[in-house]
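Accompanying notes for the structure given below.
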Amino acid sequence: MALVGRYNTLQVVKHTDFGLYLDGGADGEILLPKRYIPKGEPCEVGDWLNVFVYLDSEDRLIATTEKPKVQVGGFASLKVVDINRIGLFFDWGLSKDPLMPYSEESRPLKIGDYCVVHAYLDKRTRRITATAKLDRYLDKLPATYQAGEEVDLLVAETTDMGFKAVINNKHWGLIHKNEIFKFMRAGKQEKGYIKEVRADGKISLCLQPVGQEAASSLNSKIHSK
């Protein structure tokens, strides 16, 4: 069975005038439309291709070699491109835009706004769906980070204390205001560092290596005298 909303390595089983059919296992054959066939690469029956699988506008499984901005299980900052009676739609780089039902909003949005969302698979329809309610998808496992460890950050929202950021697609962390020395906004992707994992599980972050941060702080104090 193909993993919907993720990359799959599937075998070519048939050529047609309008594309290739790939072996989707229990899901049957999955079409890779002709316009997405990699140019200059051998694509004969029996070859294996790395493709992204999702549902088209008629809810049929389809494959593409285009790269979406987020996979199921991931987080990304996406732009609202349409709103209708059932919810909001985001630009994620593919022809069919994912839906976020109104019940999954964390704040009112309008067309043109950006929002940090989590992509998940609707269990009933197998459609890729977005939610801005991130808490339920984070902090499920105890944090095992070490102070000074480099991590990937997705800045998600501002707070009175600084910026909340998603760490490695797994945990919440906070960049305190006094740790920010450059322009910051929700949606930015950054390399960051673990400053502290507190006893209550909350994680403090910084944007430069911990030793370098200490040196910068010392230099600032020296020059301020």
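Bear in mind these aren't lab numbers, they're just calculated from the coordinates by the rules spelled out. Computed from a predicted structure; not experimentally measured. Virtual Cβ from ideal backbone geometry, glycine too; neighbours counted across all protein chains shown.
Over 20 Å apart: what share of the alpha carbon pairs of segment 58-189 falls there, rounded to a whole percent? So the pairs more than 20 Å apart make up 48 percent of the total in segment 58-189. Quote the FRET efficiency, to the nearest 0.05, computed for residue 122 versus residue 157 with a Förster distance R0 of 22 Å and r equal to the Cβ-Cβ distance. Rounded to the nearest 0.05, the efficiency is 0.35.
Between residue 7 and residue 168, the contour length at 0.36 nm per residue exceeds the alpha carbon distance by 56.1 nm. Taking a straight Cα-Cα cut-off under 18 Å and skipping sequence neighbours fewer than 8 places away in the same chain, the lysines within cross-link reach of residue 39 are 14, 67. If R0 is 30 Å, what FRET efficiency do you get for residue 102 and residue 147 from their C-beta distance, rounded to 0.05? Calculated transfer efficiency: 0.15. Potential lengthening of the chain between residue 60 and residue 183 amounts to 40.0 nm, from the contour at 0.36 nm per residue minus the alpha-carbon distance. For segment 1-74, the Kirkwood hydrodynamic radius comes to 12.3 Å, computed from all pairs of different C-alpha atoms.
Just to confirm the number: angle between the C-alpha axis of helix 210-224 and the first principal axis of the chain, 0 to 90 degrees, nearest 10? Around 40 degrees separate the two axes.
List, in the order given, every pair from 79/170; 140/202; 133/182; 140/195 whose Cα-Cα distance in the structure shown is over 18 Å.
Working: 79/170 22 Å; 140/202 13 Å; 133/182 27 Å; 140/195 20 Å.
As for pairs spanning more than 18 Å Cα to Cα, those are 79/170; 133/182; 140/195.
Remark: relative contact order (the chain) = 13 percent; criterion is Cα-Cα distance under 8 angstrom and separation of 6 or more residues. For q values of 0.09, 0.13, 0.17 Å⁻¹, compute log₁₀ I(q)/I(0) with the Debye formula on a Cα-only model of the chain, without solvent. Normalising to I(0) and taking log10 leaves -0.49, -0.86, -1.14.
Inter-part distance, segment 1-76 to segment 124-194, computed on C-alpha centroids, equals 31 Å.
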